[in-house]
Amino acid sequence: MSDRDDDEIEKSSAPLIEHLIELRSRLIWAIAGFFVAFLVCFFFAKEIFNLLVIPFQWASRWAGLDSEQVDLIYTAPQEFFFTQIKLAMFGGLVLAFPIIATQIYKFVAPGLYRNERRAFLPFLVASPILFLLGGALVYFFFTPMVMWFFLSMQQVGPGNEIQISLLPRVSEYLGLIMTLILSFGVVFQLPVVTTLMARVGLLTADGLADKRKYAIVAAFVVAAVLTPPDPVSQIGLALPTILLYEISIWTARMVERSREKEKLAAEADAETNAGPTS
């Protein structure tokens, strides 16, 4: 830790009242960003919901049904209205996340050293990208698979005396989509979290590798808790979690190698600066 870094922290220090004013300013910007994103999503709530129904249409085709047979219902007068509000809040939070994360970073950054800020920025960028990757996996693969699984339980056709058809409620369908997206989005943060913990020395690659068997069991337990009670979505979440755990071991090992190289370089510089002794 150099004197220059200490000077940066000293210059950025401020009385408590200034920190509170700064916090209020950052909160206002974050809330304003979320509110604007919420209004945009609420204005286009029906169009967004129609986009979320597309995986259901894909699943219906896989099940041998026509896309026209995809029907959703609501059983209370206010249900679809509140569903649109939930959708707008969820979409607003996703859209406003870059603004919220930026405001958090700007509030915390003055208390970090220059090397800490450089180390933190890649994770700030990687986190929303990984969340979007998890959401895309849900949208294009797991939601159609889950809905196909549920549609396969229907009892339709002229040979059956009783017709049993799937007519999801709009609120329940949105809840399923949101649960899957949040579950996969959070799980996809595993490499980011473990890499950060490895950088500060709380985790090691060898320690993660030794706990692999426990992690596999935990992945299936977490998948059973976070996803609907069907084997398709549970296995679908557990397998990527295990893969991400292996990626986390690799990233932690890369961090350790980088730290070792920096340590050796610092020792070499110290020996060079010390010079030969008489």
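Tabulated results
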read-out: Considering residues of the stretch 18-71 that are outside any helix (DSSP H, G or I) and among the small types (Gly, Ala, Ser) only, the residue surrounded by the fewest Cβ atoms within 10 Å (Cβ to Cβ); value: 64
read-out: Of all residues in the stretch 205-250 being modelled with pLDDT of 85 or more and β-branched (Val, Ile, Thr), the one that is nearest to residue 153 (Cα to Cα); value: 221
read-out: Pairs with Cβ under 8 Å, 6+ apart, first in the stretch 17-36 and closer than 17 Å to residue 109 by Cβ, second surrounded by 12 or more Cβ atoms within 10 Å (Cβ to Cβ) and β-branched (Val, Ile, Thr); value: 26/104; 29/99; 30/99; 30/100; 30/104
read-out: Count - residues of the stretch 186-210 that are over 12 Å from residue 244 (Cβ atoms) and surrounded by 14 or more Cβ atoms within 10 Å (Cβ to Cβ); value: 8
read-out: Count of the stretch 136-182 residues which are free of Cβ contacts under 8 Å to residues at least 60 places away in the same chain, out of contact with any Leu (no Cβ under 9 Å at 6 or more places or on another chain), crowded, with 17+ Cβ neighbours inside 10 Å and more than 20 Å from residue 85 (Cβ to Cβ); value: 0
read-out: Some residue of the stretch 78-89 being within 24 Å of residue 131 (Cβ to Cβ), in contact (Cβ under 8 Å) with a residue 40 or more places away in the chain, touching a strand residue (DSSP E or B) at 6+ places or on another chain (Cβ under 9 Å) and surrounded by 15 or more Cβ atoms within 10 Å (Cβ to Cβ); value: yes
read-out: Qualifying residue in the stretch 185-208 (condition: charged (D, E, K, R) and under 26 Å from residue 117 (Cβ atoms)); value: yes
read-out: Residue that is in a helix (DSSP H, G or I) and over 23 Å from residue 193 (Cα atoms), where the choices are 267, 246; value: 267
read-out: Qualifying positions in the stretch 72-102 - assigned to a helix (DSSP H, G or I), modelled with pLDDT of 90 or more, farther than 17 Å from residue 176 by Cβ and of a type outside the set (A, V, I, L, M, F, W, C); value: 92
read-out: Pick from the stretch 224-263, criterion among the hydrophobic types (A, V, I, L, M, F, W, C), under 16 Å from residue 142 (Cβ atoms) and touching a residue at least 24 places away in the same chain (Cβ under 8 Å), ranking: surrounded by the most Cβ atoms within 10 Å (Cβ to Cβ); value: 237
read-out: Residue among 96, 126, 136, 109 that is touching a Lys or Arg at 6+ places or on another chain (Cβ under 7 Å) and under 26 Å from residue 34 (Cβ atoms); value: 109
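The values are calculated or read from the model by the stated rules, or taken from the named source; none is laboratory data. This one's a predicted model, so the numbers in the text were calculated from it and none came from an experiment. Backbone-built Cβ (ideal geometry, glycine too); neighbour counts: all protein chains shown.
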